[in-house]
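Take a look at the structure set out below.
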Amino acid sequence: LHLSIRRQRQMCIRDRYSPDEIMEFDPLVKFANGTSGAVTYFWDFGDGTTSTANDPSHLYGDTGVFCVQLIATNILGCTDSINHCLVVKPEFNVFIPNSFTANEDGLNEMWRVVARGAKTFEAHIFDRWGEELYSFYSTDKGWPGTQQNGNHCQEGVYVYRIMVTDGKGDYHEYRGNVNLIR
């Protein structure tokens, strides 16, 4: 982090935080105030929240870049500040449901895969004989329980193959079964 020294105010202000890498599923950041010569502190965490604690902890509610500012004030009322931007990184995870009910009741009609942090996505649905029935290439899409031509598939167990590339470019493949309930 940058160190800002203002001799005329006789303060040395600096801050540190941990962990070094902040991830979406563990977004608690502990700030350590290394300021000397100050009596009050004001932290702006860059997400609309603030603190006047000496060494605050903050839980970020979203991913992104957050520019944190610490303003320290000495006994004479002179202030100094330091700014540092930190990144809360998204994490890669895949959730694959094992069943869905394509029975036209308006609930759970589409089999959808959630792939957070994915760069590329592709899913293929096969019958028990290995014949590909349906494929889609976005998590915004899903399988409606039909063949690619729109014909309804019968209630039963189907096989899926999902291929995903994460944000780092690593390839992941998932195979399993999904129950189609009518």
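The values are calculated or read from the model by the stated rules, or taken from the named source; none is laboratory data. No experiment lies behind these values; they were computed from the predicted model shown. Cβ: placed from backbone, ideal geometry, glycine included. Neighbour counts: every protein chain shown. SASA here: full protein model, heavy atoms, side chains in, ligands and nucleic acids out. Shrake-Rupley method; radii C 1.70, N 1.55, O 1.52, S 1.80 Å.
Would you list which lysines come within 23 Å of Lys89, measuring only between C-alpha atoms, while excluding same-chain residues fewer than 8 positions from it?
Of all the lysines, those that pass the test against Lys89 - Cα under 23 Å, at least 8 places apart if same chain - are Lys30, Lys119, Lys168.
Using each residue's phi in the stretch 31-39, evaluate 6.51 cos²θ - 1.76 cosθ + 1.60 at θ = phi - 60° and report the 3J(HN,Hα) Karplus result to the nearest Hz, with x for Gly and Pro.
Using θ = phi - 60°, the values come out as 9, 10, 8, x, 6, 10, x, 10, 10 Hz.
Counting only protein heavy atoms, what percent of the accessible surface of the chain is carbon or sulfur at a 1.4 Å probe? Please list the in-between numbers first.
Working: 5200 of 10770 Å².
After summing per-atom areas, the C and S share lands at 48 percent.
Here are labelled values, [x] 16.7; [y] 20.2; [z] 15.9, and one is the computed Kirkwood radius over Cα pairs in Å for what I pasted. Which one?
The value computed from this structure is option [y].
Tell me the label-point distance for the pair Thr49, Cys85, using the 7 Å Cα-to-Cβ offset, in nm and rounded to one decimal.
2.2
Mind giving me the nanometre distance, one decimal, between the label points for Lys119 and Glu131, set 7 Å out from Cα along Cα→Cβ?
It is 3.7 nm.
Evaluate the distance, in nm, between pseudo-label points positioned 7 Å from the Cα of Arg161 and of Asp20 along their respective Cα→Cβ axes.
4.0
So, by mean Cβ neighbours within 10 angstrom, what's the order for 125-133, 111-119 with the highest one leading?
Values: 125-133: 13.2, 111-119: 18.2.
Those peptides, ordered most packed to least, come out 111-119, 125-133.
Taking Cα pairs under 8 Å and at least six residues apart, what relative contact order does the chain come out at, in percent?
Working: 413 pairs, mean separation 28.5, N = 182.
Computed value for the chain: 16 percent relative contact order.
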